[in-house]
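Here the structure is laid out as structure tokens; the discussion comes afterwards.
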Amino acid sequence: MRKALRWLLALTVLIGTLGTAGTAGAATTAPQAPTDIKDRLLAIPGISLVEEKPYTGYRYFVLNFTQPVDHRHPARGTFQQRITVLHKDVSRPTVFYTSGYNVSTTPSRREPTQIVDGNQVSLEYRFFTPSRPAPADWSKLDIWQAASDQHRVYEALKPLYSANWLATGGSKGGMTATYYERFYPRDMDGVVAYVAPNDVVNDEDSAYDRFFERVGTKECRDKLNAVQREALVRREPLEKKYAQYAADNGYTFTTIGSLDKAYEAVVLDYVWGFWQYSGLADCDSIPSGAATATDDAIWDSVDTISGFSAYADQGLEQYTPYYYQAGTQLGAPTIGFPHIERKLIRYGYQPPRNFVPRSIPMRFQKGVMRDVDTWVRHHARQMLFVYGQNDPWGSERFRPGAGARDSHVYTAPGMNHGANVAGLVADERAFATARILEWAGVASPAVQADPSAAKPLARFDGKLDVRDVEREPALRP
């Protein structure tokens with residue numbers, strides 16, 4: 001009996017030993033986790049590679065990410081959304097950028113990315129090609145669906161880029177960063193929103209009229225107003241020129257309805273477009289004595305600032321998603337033209353509905369912007385809004401209220417739609433930079449003790465750090 005027990009015990013030990021050896025062998029042959037950043041990115045479910053582009057000091061990837069067409073019903077189809085990753089190091093903070101339009105596939109670094117010396121993930125806004133579902137159900141283009149796109153990208157990349165994250169964007173991108181924070185306030189450690197319009201009440205736009213009464217100098221305003229008016233006085237000869245221009249370039253006007261409507265829309269954008277993209281010093285380029293200027297001089301000035309291709313079908317097509325959103329949720333400005341006789345204006349500022357093909361249904365949803373504005377006023381946390389003094393889009397802006405925490409609004413003197421932190425006055429620039437560093441988790445003890453010591457952690461790169469405003473035709477933020 002004892003022999004039998006000893007034999008069973010020995011057999012049990014042998015089996016255990018073999019089992020352990022087998023486990024050890026399996027462990028040594030298990031596939032190793034990828035270490036190269038490209039392989040680590042491509043190991044994330046839903047991500048596929050479009051291309052990698054070289055840039056000294058970084059790895060830069062153009063990628064596709066599989067998204068649900070409808071985040072409320074993920075099983076009802078997917079589409080490929082374009083993203084780019086400017087990779088510095090997984091230990092560095094990450095800046096999540098969107099322009100609110102197409103994503104550039106050229107390596108670039110937004111201001112917060114330079115400030116924190118971090119990684120940058122850039123996202124193409126849904127329904128901008130190629131990030132458009134097919135077929136396109138336009139009812140799925142709204143600010144909540146877009147914020148949910150960002151949320152899914154963040155959730156996918158956060159395990160890899162585990163340090164702090166900041167959201168940023170300029171103009172419509174600044175709006176996008178704000179909406180993302182409103183719907184997913186636990187994702188980001190801070191938000192830097194540049195020149196972000198906030199059209200709370202779509203039908204009340206008197207703030208814009210007041211802006212145009214005092215922006216710049218009277219001399220400059222008078223020159224701009226005179227050229228704009230003269231372009232309408234000379235509608236007949238200049239529309240003949242426009243018709244030839246359209247024929248030469250293959251432009252058509254089916255969406256807006258006629259060349260006449262397109263012509264007036266371009267001319268009425270003229271003054272707005274100047275202040276959006278130009279500075280006071282550029283007034284010297286505006287024709288003096290508009291009444292005696294040549295037709296070519298009037299045409300060239302309007303074309304340079306507003307762009308006569310803007311309201312042709314070919315100019316509108318790329319921006320259909322923006323105009324759809326402006327006409328369904330975002331709102332759009334309307335201003336008066338007190339310097340122009342009413343008989344010269346046939347259509348006025350046309351609604352976004354005129355810039356979207358009639359095959360796409362639209363209905364404006366009141367209260368959407370009010371909801372976001374109320375949230376920012378009462379619940380904003382670690383948000384920074386930067387506006388330009390001479391930018392018309394800043395006339396209706398975000399204003400964190402008493403319920404907000406560590407949130408700030410600054411105005412860059414003399415700057416336009418390209419306003420940034422670098423353009424703020426010295427003490428505000430230092431404070432804003434310090435807050436960005438703090439939110440990103442990379443503020444030094446010296447900066448924590450004295451914000452005036454705050455400076456960008458990365459040196460300025462003339463290729464990466466593009467400071468020019470992302471130019472779109474006027475009346476597109």
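The spacing between region 110-143 and region 244-274, judged by their C-alpha centroids, is 28 Å.
The chymotrypsin sites (Phe, Trp or Tyr not before Pro) of region 160-204 include none that meets both criteria, a DSSP state outside H, G, I, E and B (loop) and at most 13 other C-beta atoms within 10 angstrom of the site's C-beta. Close amide H partners of Thr411, meaning residues 5 or more places away or on another chain with modelled amide H under 5 Å apart, are Tyr387. For region 295-383, the carbon plus sulfur part of the accessible surface works out to 49%, probe radius 1.4 Å.
Determine the per residue accessible area of the chain with all protein chains present and a 1.4 angstrom probe, expressed in square angstrom.
Working: 21100 Å² over 477 residues.
Accessible surface, normalised per residue, equals 44 Å².
Among all stretches of the chain without exposed GluC sites (Glu not before Pro) (DSSP loop, at most 14 other Cβ atoms within 10 Å), which one is longest? That gives 1-203 as the longest site-free run. Relative to the current alpha-carbon distance between Arg377 and Lys218, full extension at 0.36 nm per residue lengthens the span by 53.8 nm.
Name the residues of region 308-336 whose amide N is less than 19 Å from a point 7 angstrom out from the Cα of Thr129 along the C-beta direction? Correct set: 309-325.
Distant-in-sequence amide contacts of Asp199, defined by a placed amide H-H separation under 5 Å and a gap of 5 or more residues or a different chain, comprise nothing.
Give me the percent of accessible area attributable to carbon and sulfur for region 384-477, probe 1.4 angstrom.
Working: 2110 of 4190 Å².
In region 384-477, the share of accessible area belonging to carbon and sulfur is 50 percent.
PRE reach from Asp39 (point 7 Å along Cα→Cβ): which of region 69-98 fall under 19 Å by backbone N? Residues passing the 19 Å test: 87-91. For Ser99, the residues 5 or more places off, or on other chains, whose built amide H falls under 5 Å of its own are Leu123.
Give me the percent of accessible area attributable to carbon and sulfur for region 35-100, probe 1.4 angstrom. Here it works out to 49 percent. Applying the Karplus relation 6.51 cos²θ - 1.76 cosθ + 1.60 with θ = phi - 60° to region 34-44 yields 3J(HN,Hα) values of x, 10, 6, 4, 5, 5, 5, 5, 6, 7, 6 Hz, where x marks Gly and Pro. Counted without the sites themselves, the longest stretch of the chain free of trypsin sites (Lys or Arg not before Pro) in a DSSP loop having at most 14 other beta carbon atoms within 10 Å is 187-345. Here Trp144 sits with roughly 60 square angstrom of accessible surface, probe radius 1.4 Å. The HN-Hα couplings worked out from phi for region 72-84 by the Karplus form 6.51 cos²θ - 1.76 cosθ + 1.60 (θ = phi - 60°) are 7, 9, x, 6, 8, x, 10, 8, 9, 9, 7, 9, 10 Hz, whole numbers, x standing for Gly and Pro. Screening the chain for whole DSSP H helices of 18 Å or more along their axis (Cα) with average Kyte-Doolittle hydropathy at least -1.0 returns 2-29, 143-157, 218-233, 426-440.
Fully extended, how many nm does the chain gain between Ser285 and Val90 (0.36 nm per residue separation, minus their Cα-Cα distance)? Let's see the in-between values first.
Numbers: separation 195, 0.36 × 195 = 70.20 nm, distance 4.76 nm.
Between Ser285 and Val90, full extension yields an extra 65.4 nm.
Averaging 1/r over each pair of different alpha-carbon atoms in the chain and inverting the result gives 24.7 Å, the Kirkwood hydrodynamic radius.
Spin-label pair Lys366-Ala402: with each label point 7 Å from Cα along the Cα-Cβ axis, the two points sit 2.8 nm from one another.
Which of rounded, prolate, oblate describes region 283-417, given a ≥ b ≥ c as roots of the alpha-carbon gyration tensor eigenvalues and a/c under 1.5 marking rounded, otherwise prolate only if a/b is larger than b/c? Intermediate results must be reported in sequence, preceding the final value.
On the way: a/c = 2.42, a/b = 1.43, b/c = 1.69.
Taking the square roots of the gyration eigenvalues as a ≥ b ≥ c, region 283-417 is oblate.
A straight line joining the Cα centroids of region 333-360 and region 46-92 runs 39 Å.
Note that region 130-142 has calculated 3J(HN,Hα) couplings of x, 8, 10, x, 10, x, 8, 8, 5, 5, 8, 9, 8 Hz, one per residue in order, obtained from phi through the Karplus relation 6.51 cos²θ - 1.76 cosθ + 1.60 (θ = phi - 60°); glycine and proline are x.
Mind putting a number on the dipole of the chain about its Cα centre? Charges go on the C-beta only, +1 for Lys and Arg and -1 for Asp and Glu, and I need it in Debye to the nearest 20.
On the way: 54 positive and 54 negative charges, 423 e Å.
It comes to approximately 2040 debye.
The values are calculated or read from the model by the stated rules, or taken from the named source; none is laboratory data. What you are looking at is a predicted structure, and each value in this text was computed from that prediction instead of being measured. Reconstructed Cβ throughout: ideal geometry from the backbone, glycine too, with neighbour counts over all protein chains shown. SASA here: full protein model, heavy atoms, side chains in, ligands and nucleic acids out. Shrake-Rupley method; radii C 1.70, N 1.55, O 1.52, S 1.80 Å.
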